[in-house]
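To start, the structure under review is shown below, and the notes come after it.
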Amino acid sequence: MYWDVEVSPEEEEEIIRKAADLIHRYGMDVAAILFIESIKPLTYIGGQMGRFFLSPFLPAFGERIGRGGEKFFTVFEKRENVEKLLRLLEEKAKEEEKPKEERRLETQVEKKRGWRRFLPF
């Protein structure tokens, strides 16, 4: 369909960042990392299968989606780009974990002992 689609390194970075932002926004960091790590050896085959089975249908949704799908397949069939996506997801998960840990430590209250644990205040 779009055999002439070339992806520049800047476009690769943008596509990877957008994918990581979307996964992080839905809170699927851990599930995505687990899934991507398990299928990482098959990324090239998956990209070729997606190109073979899905590419004929993408132009029906418009020129932008057709070209975008082809760029997506091109970017994520390279193993180094999959590694970049995993690294971004792990960084985002760590950034989100720091404030949660700080809030947990701040709100941690000394446990009541003895008969005082039955008082509501």
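Just so you know, all these numbers are worked out from the coordinates, no wet-lab data involved. Only a predicted model underlies this, so the values are computations on that prediction, with no experimental measurement involved. As a convention, Cβ positions derive from the backbone with ideal geometry for all residues, glycine included, and neighbour counts pool all protein chains shown.
Okay, here's what the table says:
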quantity: Under the Debye formula (equal points on every Cα, no solvent term), log10 I(q)/I(0) of the chain at q = 0.14, 0.22 Å⁻¹; calculated: -0.69, -1.27
quantity: Cα-based helix-to-principal-axis angle, 9-25 vs the chain, degrees rounded to 10; calculated: 40
quantity: Loop GluC sites (Glu not before Pro), the stretch 28-121, which have at most 12 other Cβ atoms in a 10 Å radius of their Cβ (DSSP); calculated: 110
quantity: Ranked 45, 36, criterion: other C-beta atoms within 10 Å, fewest first; calculated: 45, 36
quantity: Nearest 10 degrees, 0 to 90: helix 29-39 Cα axis against the chain principal axis; calculated: 40
quantity: Hz values of 3J(HN,Hα) by residue in the stretch 91-99 - Karplus curve (6.51, -1.76, 1.60), Gly and Pro given as x; calculated: 5, 5, 5, 5, 4, 6, 6, 4, x
quantity: Under Karplus coefficients 6.51, -1.76 and 1.60, residue-wise ³J(HN,Hα) of the stretch 56-61 in Hz, glycine/proline x; calculated: x, 8, 5, x, 5, 8
quantity: Folded to 0 to 90 degrees: helix 63-76 orientation relative to the chain principal axis, Cα; calculated: 70
